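FYI, it's all coordinate maths here, none of it is from the lab. It should be emphasised that the depicted structure is a prediction, and the values quoted were computed from it without experimental measurement. Neighbour counts are summed over all protein chains in view; Cβ atoms, including those assigned to glycine, are modelled from backbone coordinates with ideal geometry.
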Amino acid sequence: MELAVFYVTAALALVSALLAVSHRSPVVNVLSLVVTFFCVAVNFALLGASFLAAAQILIYAGAILVLFLFVVMLLNAPAETPAIEQRPAQKVAGLALATLAGGGAILLLIAARVAPAPAAADGNAVALGRLLVGPYLFAFELISVLLLAALVGALVLVKRKH
Amino acid sequence: MAIPTNHFVILASLLFAIGAGGVLLRRSGISILLGVELMLNAANLTLAAYSRQHGQLDGQVFVFFVMAVAAAEVAVGLALLVAIYRRIQSIDVDRLSIMRW
């Protein structure tokens, strides 16, 4: 049952990811990436990481992609004509690098003998929260400073000068 | 029957390759940022998969941090795109040649 869910969401994620990077219209790119992120959220749930599944939907599908869609609308971004890079050298090099990254990893993983996965780690929000305010407290606070800096930086960048 | 860790990592590497292809081949700034998001998400899936493999939650904490950094990155990246659009009325990265000698 779990395996079937995994295969369905994996196939859906790959198809929508391909659509997200290959379609000409920016709106279609963003919306199909929403589908990809939902499928990844299902995979987080399959891994026993229920908090991450919720955070994935809230942060990625909810916040980040809405921001993307907002900017697409704001800039009135036209569909690219043509969508894909036209210089042959860059096209070949890009495709070769992407194939190398994906194919190499898969070849290594198929050859590797991995021990069977143990029972899913307890991924509930309580345990994760204890880690965040325990051993990772400094990094957790640093993240809040980083987000504040990004907020101020974004405001400064888009502010009109008079 | 638990799903083997391999399956998740293979899915993640395929998603990463698709994202990398998008970053390398697209010309619109928005599409390039979308490719970066896809690559970050693939890395997140790998971290969560190995977190389960080792029975420790630390990998999931890293995923949380990556999500936060991705949110910061996308805010600044999109602000840069808006600023670029105001300057050259385009987000085609091929037209960004102001700093070329």
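Worth pointing out:
- Once backbone amide H atoms are built at 1.01 Å from N, residue A:25 has no partners under 5 Å, excluding neighbours fewer than 5 places away on the same chain.
- For residues of A:91-98, the mean tally of beta carbons on other chains within 10 Å: 4
- Here segment B:29-89 is treated as an ellipsoid with the same Cα gyration tensor; its semi-axes, largest first and in whole Å, are 32, 11, 4.
- Anisotropy class of the protein assembly as shown from Cα gyration tensor, a/c 1.5 cut: oblate
- Residue-averaged beta-carbon neighbours from other chains (10 angstrom radius) around A:39-48: 5
- Spacing of the modelled spin labels on residue B:76 and residue A:90, each 7 Å from Cα toward Cβ, amounts to 2.4 nm.
- The mean number of partner chain beta-carbon atoms within 10 angstrom of a residue's beta-carbon across peptide A:9-19 is 4.
- Most mobile listed residue (A:37, A:140, A:70) in chain A, GNM with C-alpha springs under 10 Å: A:140
- Spatial separation of Cα centroids for segment B:18-38 and segment A:1-17, in angstrom: 22 Å
- Taking B:76, B:63, B:36 in turn, the Gaussian network model of chain B (Cα-Cα springs below 10 Å) assigns the largest fluctuation to B:76.
- Exposed loop sites, defined as trypsin sites (Lys or Arg not before Pro) outside DSSP H, G, I, E and B with at most 10 other Cβ atoms within 10 Å, are absent from the longest region of chain A, namely A:1-112.
- Of the DSSP H helices in chain A, those whose Cα atoms cover at least 20 Å axially and whose Kyte score averages -0.5 or more: A:2-22, A:26-46, A:88-111, A:137-158
- Computed helical MRE - 222 nm, the protein assembly as shown, DSSP H runs ≥ 4 contributing -39500 (n - 2.57), nearest 500: -24500 deg cm²/dmol
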